[in-house]
Amino acid sequence: MKQSIIKIHRNLDIKNNFSDIKITKKLFIRTFGCQMNEYDSEKIIDILNQKYNLFEVKSPDEADIIIFNTCSIREKAQEKVFSDLGRIKPLKQKNPELILCVGGCVASQEGNFILERAPFVDIIFGPQTIHRIYDLIQKKLQENLPQIDISFPEIEKFDSLPIPHRNKSSAFVSIMEGCNKYCSYCIVPYTRGIEIYRPLKDIIFEIKKLSDIGVKDITLLGQNVNAYKTNIDNKIIDFASLLEYVHEINGIERIRFMTSHPKEMTNKMLDVYKNLYKLVSFLHLPVQSGSDKILSSMKRGYTVAEFRYVIDQLRKARPSLALSTDFIVGFPGESEEDFENTIQLAQEIKFSSAFSFIYSARPGTPASTFPDNVTYHEKQSRLFKLQEVINIHSQEFAKSLIGTKQRVLAENVSTRDEKQIFGRTEYNKIVNFTAPKSIIGTMVDVIITNVNTNTLNARLI
Ligand code: SAH
Ligand code: SF4
Ligand code: F3S
């Protein structure tokens, strides 16, 4: 067997009378975009693994099925998908049996227009129809016609997913789909639909199953997790209450979430930062801009002063809290002064890390029609200036960790050095340290010894 072929060994706990006649398939899957797509890709693999004797391959030319799980958040991400599809075309010509699937947010946004640019695509499915992937492949084989299903069949997706079984120490758990915020620049509400919350009991069931198989670090996923709400016995369960329930689960030692919105940081959220010790002291809270005029035009629903107030309160509730954020520069109408306000905010808050992007006009969003008189050159120069400020703070933060004791979840053997183990701090920083393999999957204490560009080195205590 070639080295790049990995058999997917999964104890799926599912009785299948046909297990001995499963067809062998080699799958190549490439995931673009956010953690929600990563979660979906894992689930797609699980679904196909139930149906086929599945091998995951590392190169598209070895595959029987190719899946691109795509992202359309910025134009560049979307165009990357089409250029990658162009590279697959000769493979399709060489092997007409090859099944080529496009899923995720580009599929949802573009639907059958994908076939205009790439007529050799066989299957187009959306973020909420991943559970139908096998049926779509079967239908394509029967009818020999491209299959498209980018509908939003409510919560059906989560009801149809296999139970988790992965042998890992950390895992994502999706708690909702979609977004209702409709920020004026953003495509997500159109590609992933309106907010739909998973029932509490399903979320708890999934996390308990993960805990049973050794998962210790859970990331609750959604575009807007602190908007979560559900109803049990006429009692409203909001995101803060959900965190309290997750906190009770034995075996789970760390709780993270991604992404929350500044507007929904309630007093109850401040209380959970005071009370729930499993909740990590690391929060990604996207601000986007430091100018009230731009925040209002983005329809973010808060002012810079309100954002500052939220940060102050959070830091009071949890003094060790490290913060990360997202910025968009060059939004239509952003003046030099607006941009300076963003720099000022970054300098004042000192985020431990931050992502920054040049605004990209997305089709069908309100902002794509706003007059934009800032040149691309100027936008690039603003991005560069902002990133300089961000880097200074993230390096300062990393350096402040030298000599400190950090609790680390040992994840696996380092890819660079067999004798080293890598793990993750609660701040989500990768740490390398020498240790026996037997500690993999456990929480250990280390002393940070030095800082590299993206990782830390440490000594096991
Ligand atoms: N739901 C999250 C983030 C979603 S997308 C939130 O609201 O915070 C991740 C990041 O991509 C956003 O925070 C934003 O900074 C960036 N982004 C979204 N749309 C964009 C666009 N049209 N152009 C440039 N960046 C964008
Ligand atoms: Fe997009 Fe705004 Fe929703 Fe985030 S909150 S996904 S930026 S619309
Ligand atoms: Fe991209 Fe869709 Fe996620 S647009 S960022 S993959 S929700």
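Is the stretch 24-149 rounded, prolate or oblate when judged by the Cα gyration tensor, a ≥ b ≥ c being the square roots of its eigenvalues, rounded requiring a/c under 1.5 and prolate requiring a/b larger than b/c? In terms of gyration-tensor shape, rounded. For the chain, CYS34, CYS71, CYS101, CYS105, CYS179 stand unpaired, since no other cysteine beta carbon lies under 4.7 Å from theirs.
Taking a ≥ b ≥ c as the square roots of the eigenvalues of the Cα gyration tensor, the stretch 192-236 is classed as oblate, since a/c reaches at least 1.5 and a/b does not exceed b/c. Under 16 Å of direct C-alpha separation, and excluding same-chain neighbours fewer than eight residues apart, LYS157 reaches these aspartates and glutamates: GLU38, ASP40, GLU42, ASP46, ASP135, ASP149, GLU177, GLU195, ASP202, GLU206. Of the solvent-accessible surface of the stretch 195-271, computed with a 1.4 Å probe over protein heavy atoms with every protein chain present, carbon and sulfur atoms account for 48 percent.
Within a straight-line Cα-Cα reach of under 16 Å, LYS208 can be paired with the following aspartates and glutamates, leaving aside sequence neighbours fewer than 8 residues apart in one chain: ASP13, ASP217, GLU244, GLU248, GLU253.
With equal scatterers on the alpha carbons only and no solvent term, can you work out the Debye log10 of I(q)/I(0) for the chain at 0.13, 0.14 1/Å? Taken in order of the listed q values, log10 I(q)/I(0) reads -1.41, -1.57. Note on LYS58: lysines with a C-alpha under 24 Å away, same-chain residues under 8 apart excluded, are LYS2, LYS7, LYS22, LYS25, LYS26, LYS43, LYS76, LYS80, LYS89, LYS92, LYS94, LYS168.
The values are calculated or read from the model by the stated rules, or taken from the named source; none is laboratory data. Here the structure is a predicted model, which is why all the values come from computation and not from measurement. In this analysis, Cβ positions are derived from the backbone assuming ideal geometry, glycine residues included, and neighbour counts consider all displayed protein chains. Keep in mind that these areas ignore ligands, DNA and RNA; they rest on the heavy atoms of the full protein, side chains included. Shrake-Rupley method; radii C 1.70, N 1.55, O 1.52, S 1.80 Å.
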